[in-house]
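In what follows, a structure is listed as structure tokens, so that the remarks can point back to it.
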Amino acid sequence: MSGALIVSVSGINNDTCEHAAEFARELDRRGVALSLLVAPRLKDKYRLTQDESTQDWLRNRRDGGDAIVLHGYDQAATKHRRAEFAALPRHEARLRLMAADRVMEQTGLRTRVFAAPRWIASPGAVAALPDAGFRMIAGISGIHDFETGSVTRARVLGIGEGFKAEPWWCRALVIGAGRTARRGGLVRLAISAKQLGRTGPRQAMLDAVDLAMYSGAVPSVYEHPRPVRKAA
């Protein structure tokens, strides 16, 4: 039984876009599409609406088969330093989702799939997603399709954005990806674009992709419905 492989990149902005682009070229050679986790606002006053080069790159990647996933609104901690959507009540989550959705539509990057910063969404945030028109959430331990009610259980293996990046963890991630793929499970790999600028984490992610595919995993993306991309 073949498993599936989903690879995502977060934290894409004018400073990190080239790291993401180089990684994307590596995956293109492997026939693997990316899920690009995009937030309208990031720290240091970053605004996607003011970054036309990153917008162009994201649209071109989407048109080539990658998936765009909304990754929060401004990624600001909302309570006791917790991730943006980790503790929000339904009403406040809905307001943030609607604000983010407007920006994504304005930039031509609208999506119906959501992944919260650090992959953690409160029950209120999850309940608000269908209200705001979203059809799917990718969470830390699984993927929930709101239209069908189905939940695919699979934990994210990540580097950066709340995950470790030390050499021992990178090795464990590669081993975990191979083990899950051999069992026919869903391999969910995630890395921040900032970490892609470091040789060790970047190579670990490529090794994990290669091992998962060698073990039979078929590339896919976070999309509704999720397509399978054939290797070149």
Note to self: Go through segment 175-194 and report how many residues are charged (D, E, K, R), touching a residue at least 24 places away in the same chain (Cβ under 8 Å) and assigned to a helix (DSSP H, G or I).
What the structure shows: 1
Next item on the list: Scan segment 5-45 for residues that are open to solvent by less than 30 Å² (accessible area, probe 1.4 Å) and either under 18 Å from Pro201 (Cα atoms) or modelled with pLDDT of 95 or more (or both) and report the count.
Entry: 26
Next item on the list: Give the residues of segment 131-159 that are among the β-branched types (Val, Ile, Thr) and open to solvent by 10 Å² or more (accessible area, probe 1.4 Å), sorted by residue number.
Entry: Ile137, Ile140, Thr148, Val151, Thr152
Item checked: Criterion: more than 24 Å from Arg202 (Cα to Cα), among the acidic types (Asp, Glu) and surrounded by fewer than 22 Cβ atoms within 10 Å (Cβ to Cβ) - qualifying residue of Asp56, Asp51 -> Asp51
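Rundown of residues vs (1) closer than 23 Å to Ile143 by Cα; (2) of a type in the set (Asp, Glu), yes/no style:
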| position | (1), (2) |
| --- | --- |
| His19 | no, no |
| Asp28 | no, yes |
| Gln55 | no, no |
| Asn60 | no, no |
| Gly65 | yes, no |
| Phe85 | yes, no |
| Arg94 | yes, no |
| Met104 | yes, no |
| Gly108 | no, no |
Next item on the list: For Glu223, work out the one condition from (1) over 22 Å from Ala67 (Cα atoms); (2) open to solvent by 60 Å² or more (accessible area, probe 1.4 Å) it doesn't fulfil.
Entry: (1)
Checklist line | Options Ala99, Ala87, Ala128, Ala121; residue that is aliphatic (A, V, I, L, M), open to solvent by 10 Å² or more (accessible area, probe 1.4 Å) and out of contact with any Phe, Trp or Tyr (no Cβ under 7 Å at 6 or more places or on another chain) | finding: Ala87
Notebook entry, point to check: What is the residue count in segment 216-226 for residues that are in contact (Cβ under 8 Å) with a residue 40 or more places away in the chain, part of a loop (DSSP other than H, G, I, E, B) and not charged (D, E, K, R)?
Noted result: 5
Note to self: One residue is enough: does segment 195-208 have a residue meeting the conditions more than 25 Å from Leu95 (Cα to Cα), part of a loop (DSSP other than H, G, I, E, B) and open to solvent by 10 Å² or more (accessible area, probe 1.4 Å)?
What the structure shows: yes
Notebook entry, point to check: Which one is least open to solvent (accessible area, probe 1.4 Å), of the residues in segment 104-116 that are out of contact with any strand residue (DSSP E or B) (no Cβ under 8 Å at 6 or more places or on another chain) and either of a type in the set (Val, Ile, Thr) or outside any loop (DSSP other than H, G, I, E, B) (or both)?
Noted result: Thr107
Notebook entry, point to check: Are any of the residues in segment 16-33 part of a strand (DSSP E or B), under 17 Å from the mean Cα position of the chain (by Cα) and within 22 Å of Arg112 (Cα to Cα)?
Noted result: no
Notebook entry, point to check: Can you tell me which of Leu95, Leu129, Leu88 is more than 19 Å from Ala190 (Cβ to Cβ) and part of a loop (DSSP other than H, G, I, E, B)?
Noted result: Leu88
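The values are calculated or read from the model by the stated rules, or taken from the named source; none is laboratory data. Not measured: the values here are computed from a predicted model. Reconstructed Cβ throughout: ideal geometry from the backbone, glycine too, with neighbour counts over all protein chains shown. Remember, those area values only see protein heavy atoms, side chains included, never the ligands or the DNA or RNA. Shrake-Rupley method; radii C 1.70, N 1.55, O 1.52, S 1.80 Å.
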